[in-house]
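J.: Have a look at the structure that comes next, please.
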Amino acid sequence: MADIVLEATPRLEDFGSAGAGRLRRAGRIPAVIYGKGNHQHVSFEAHAFEMATRGIGKGSKVTVKIGTAELKCQIMEFQEDLIRGKILHVDFKEL
């Protein structure tokens with residue numbers, strides 16, 4: 001399988017559940033990348049994320065592009081709304 005590249009936007013404020021709800025209503029998916037000693041809050045455009053990650057699941061390796069930086073990551077966990085079929089939140093681990 002080809003390497004999957006996901007475009008992310010950094011979240012610099014509004015990290016709580018209310019902020020995540022605002023992101024979801026705007027068509028974005030909130031996510032966290034847990035790295036070596038630190039973590040980054042990011043968001044993805046929902047439709048592009050769902051199309052790029054179709055058919056993969058937990059443990060899959062992807063490349064997350066934040067501006068000019070590219071991080072090799074593994075999908076650790078994702079939360080989804082099973083009724084609506086939408087991804088609510090994603091956790092990544094930086095490799």
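Quick note: the coordinates plus some simple rules give every number you see, no bench work behind them. This is a predicted model, so every value here is computed, not measured. No Cβ is skipped: glycine too gets one built from the backbone with ideal geometry, and neighbour counts run over all protein chains shown.
J.: Sort out for me the Cα centre separation of region 1-39 from region 68-95, rounded to whole Å.
T.: One Cα centre to the other: 8 Å.
J.: Run the numbers for H89 and T68: contour at 0.36 nm per residue of separation, minus the present Cα-Cα distance, in nm.
T.: On the way: separation 21, 0.36 × 21 = 7.56 nm, distance 2.32 nm.
Separation in residues times 0.36 nm, less the Cα-Cα distance, equals 5.2 nm.
J.: Given points 7 Å out from each Cα along the Cα-Cβ axis, report the A48 to S60 separation in nanometres with one decimal.
T.: 1.7
J.: Pop out the ³J(HN,Hα) list for region 4-12 in order, Karplus 6.51 cos²θ - 1.76 cosθ + 1.60 with θ = phi - 60°, rounded to Hz; leave Gly and Pro as x.
T.: Once θ is set to phi - 60°, the couplings for region 4-12 become 8, 10, 10, 8, 10, 10, x, 9, 9 Hz.
J.: Given q = 0.10, 0.13, 0.21, 0.22 Å⁻¹, what are the Debye log10 I(q)/I(0) values for the chain, with equal point scatterers placed on the Cα positions and solvent ignored?
T.: -0.23, -0.39, -1.09, -1.21
J.: Continuing with this model, one more query. Would you pull out the residues with amide H under 5 Å of L88's amide H, same chain only if 5 or more places away, H placed 1.01 Å from N?
T.: Q79, E80, D81
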